[in-house]
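Below is one structure, written out as C-alpha cells; the observations come after it.
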Amino acid sequence: AQSVTQLGSHVSVSEGALVLLRCNYSSSVPPYLFWYVQYPNQGLQLLLKYTTGATLVKGINGFEAEFKKSETSFHLTKPSAHMSDAAEYFCAVSDPGSARQLTFGSGTQLTVLP
Amino acid sequence: DGGITQSPKYLFRKEGQNVTLSCEQNLNHDAMYWYRQDPGQGLRLIYYSQIVNDFQKGDIAEGYSVSREKKESFPLTVTSAQKNPTAFYLCASSIDQATVITGELFFGEGSRLTVL
C-alpha cells in the first residue's frame, strides 16, 4: 500500500523568502506524485505533478518540485513567497499499476508573514 | 463555465438525521468521487463511481450512501449511522478512472456539515 507523509503541519515564512514544503512517500512501484493547493473553504486545485520523465517539475504560480527516488521525496519549493501563497498544500501519490485513486497526505498549512 | 457545483455550502443538522449533499458536474466526466476532510487528516475517500449506475466503497464508506443515476450527478447521503459526521465534504470528478491516476481531479468548493 502506498502512503504519503508531509513533514510539518504548519509552515511560516516571510514574504519574499524561500518556501519549502516536505513530502515523503512510500510505494511498492514507481509512483505518480502530485501537489494540490487549497484556499480557505474551497476545493483543491492541482499545482503540479510528476508521472515520468524529467524529475524537476514546474507548476503554476512559480512552484516546482523535484522527484528524488533515492530519498523517496517530492518536496515543493518556491524561491520567493507571496502573500497570496497562503493556503493548505497537499501531497498525493498514486500507483500507476492500479486503478486505485489518489492517496493524500495530511496537508501543510502555509502562512506568509508580511 | 464548466465545473463542479456542491450544495449546500454550509449545513447544520441535528444528531440522528440523514443529510444529503448534492454534487453536480457539467464537465462530461465519467468518474466522480466523494472525499471527507478533517483537520490534520488530509482527504479520505468515501465513495467513487466510474460510470452511471455503478459505484464502489472507498476507505471510509460506513455510514454513507451514494447513487449515480445520471452522469452529471453524484449525491452523498450522510446517514444517522455515521458516528462523527461533522466534517468538510469534497466532491471531485475526472474524465475517467485513468485520468485519476495521472492526477487530473477537479474539485468542487465543498460542503461543510455540522451536526449539533
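Only the coordinates and a few stated rules stand behind these numbers; no lab work does. None of these values were measured; they are calculated from a predicted model. Cβ sites come from the backbone with ideal geometry, for glycine too, and all protein chains shown count toward neighbours.
Observations
- Dipole magnitude of the protein assembly as shown about its Cα centre (Cβ charges: Lys, Arg +1; Asp, Glu -1), debye to nearest 20: 340 debye
- Shape of chain B, Cα gyration tensor, a/c cut at 1.5: prolate
- Its Cα centre serving as origin, chain A has a Cβ charge dipole (Lys and Arg +1, Asp and Glu -1) of approximately 220 debye.
- Cα gyration tensor category, rounded, prolate or oblate, for the range A:33-114 with a/c compared to 1.5: oblate
- A full extension of the chain between residue B:73 and residue B:61 corresponds to an added length of 2.5 nm, given 0.36 nm per residue minus the alpha carbon distance.
- Lysine pair count for the range B:1-91 (Cα-Cα distance under 26 Å; residues 8 or more apart in sequence or on different chains): 9.
- For the range A:38-108 versus the range A:1-32, the spacing of their alpha-carbon centroids is 8 Å.
- The charge dipole of chain B, taken about its Cα centre with unit charges on the Cβ atoms of Lys, Arg (+1), Asp and Glu (-1) only, comes to about 460 debye.
- Fraction of antiparallel bridges per DSSP, the protein assembly as shown only, in percent to nearest 5: 90 percent
- With one equal scatterer per alpha carbon and no solvent term, the Debye-computed log10 I(q)/I(0) for the protein assembly as shown at 0.09, 0.12, 0.16 1/Å reads -0.37, -0.65, -1.12.
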